[in-house]
Each structure stands twice: as C-alpha cells, then as structure tokens.
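Student: A single structure is presented below for examination.
Each reported figure results from applying straightforward, stated rules to the coordinates on display, with no laboratory input. Everything numeric here is computed off the predicted structure, so don't read it as measured data. We place every Cβ from the backbone using ideal geometry, glycine too, and count neighbours over all the protein chains shown.
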Amino acid sequence: MTKKTGPSSAADNAKKKTTTKKPTEKKSAAGRTAGRRSEADKIKTAKAILDVYSQGKHTIESCCEVNGITSRTLLNWSDSISEISALFKKAKEDQHEVRKGELRELAVDGLRRLVTGYFVEETEIQTIKNNRGVKVRSIETVRKKYISPQTTAIIFALKNLDPLTWNIEKQSNEEGEEQVFLIGEQIIKF
C-alpha cells in the first residue's frame, strides 16, 4: 500500500473526518433565544412595548422591532396570555385618547383662525431673462395677505358654544308654538 502525502492527502482526510455540529439557535435582538421566553419575560417585554405604543407617537410594529419581536408575535402572546391582552387593550385606548386630543387641538386652532381671521405670506418670484432667453436675475416679492373671518365658522362656533341662544331651529321646535304667516291672502301655519 502506498501512502499519499502532500496537499491532496490532507484534503482527503478532511473529507473523511466527520464532525458533529451543534444546531444553531436563533437569537433575537435582545440576545434571548427565540421561542424560549418564559411567560414572565413575555409579559415584561410586552409591557415595555405597550408603554411606548400607548404614548401615541410610534406604531406597534416599530415598538416591537426595537424589542426584537414582530407585531405578529405580540398578537400571539396577547391571544395566549390574558395579562398581555389586557395591557394591549389599555394601550390601544390610551393611544386613541392621545391622538384624539391632538386632533382636537388642531381643530380648535383651525376654527380659531377661521373665526378671528389670520395673515398669510405669499411669495412671488419673477424671473427676468435677456434677449436670448437666459435667466439674468430673479426678483422675490413677499406680501402679507389677510384672510378675513368666515361667517360659516362663526355660526358653527356660536351654535356649539351656546346652543340655547344661537340654535333658533331647536328653540322653535322645543317651544312647540305654532307659527303663522300671512302671505297675501293665504295663511301658512308651521
């Protein structure tokens, strides 16, 4: 028998050797082994996610991503663990209230501007060209323009702030008085 020596024999020996590899475990961004979280750890992670989500500035997906899970995983945890389900429900309600408050502030500010009137700046840019059509210079003019109050917005605000005084339609219906109009020789009753 001849024994091979040299680089080819090392390659042959490497092929013959069998090594057992340990299965690799996937790790989440938090460094934990995926699928191996305890219920207490799931609750702790869900609480951290839902505390940030309830503030109304982030999506559930972005909050989950930061904590190393998917939003689907959080939903699965919510389905299987009642404490996480309750936290999730409360976080959704809190976020809804935050967003409703922000929208209310925008609506009140917009209505205030429509009732009182406001100024806007309009910028006009005039381009001056020479004989060949080449731009020589630009003149920028900024003008302030006043937007006057809108009657409809004023009526809306008054009817909502003091409905007893300004909602004439409701008053006539509530009083139950019959209204009589004489048009020419014809009498019309409401």
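Student: Going by how many other beta carbons lie within 10 Å of each one, how would you line up Thr45, Thr165, fewest first?
Tutor: Ordered from fewest to most neighbouring Cβ atoms within 10 Å, Thr45, Thr165 come out as Thr165, Thr45.
Student: Length gain on complete extension for the stretch Ile187 to Ile154, per 0.36 nm per residue less the alpha carbon to alpha carbon distance?
Tutor: Working it through step by step, the gained length comes to 8.4 nm.
Student: Of the cross-linked pairs Lys44/Lys100; Lys44/Lys90; Lys159/Lys189; Lys42/Lys100; Lys47/Lys100, which ones have a Cα-Cα span greater than 18 Å in the structure shown?
Tutor: Lys44/Lys100; Lys159/Lys189; Lys42/Lys100; Lys47/Lys100
Student: Going by C-beta contacts inside 10 Å, put Ser138, Ser71 in order with the fewest on the left. It would help to have the intermediate numbers written out before the result.
Tutor: Working: Ser138 9, Ser71 15.
Going from least to most buried by this count: Ser138, Ser71.
Student: Sorted from fewest to most neighbouring beta carbons within 10 Å, what does the list Ile69, Ile128 look like?
Tutor: Ile128, Ile69
Student: With the cut-off at 1.5 for a/c, could you classify segment 45-93 from its C-alpha gyration tensor as rounded, prolate or oblate?
Tutor: Since a/c reaches 1.5 but b/c is at least a/b, the shape of segment 45-93 is classed as oblate.
Student: With a ≥ b ≥ c the root eigenvalues of the C-alpha gyration tensor of segment 127-168, is it rounded (a/c under 1.5), prolate (a/b larger than b/c) or oblate? Intermediate results must be reported in sequence, preceding the final value.
Tutor: Numbers: a/c = 9.35, a/b = 6.20, b/c = 1.51.
Prolate.
Student: Please give the FRET efficiency for Gln55 paired with Leu161, using the beta carbon to beta carbon distance and R0 = 35 Å, rounded to the nearest 0.05.
Tutor: 0.65
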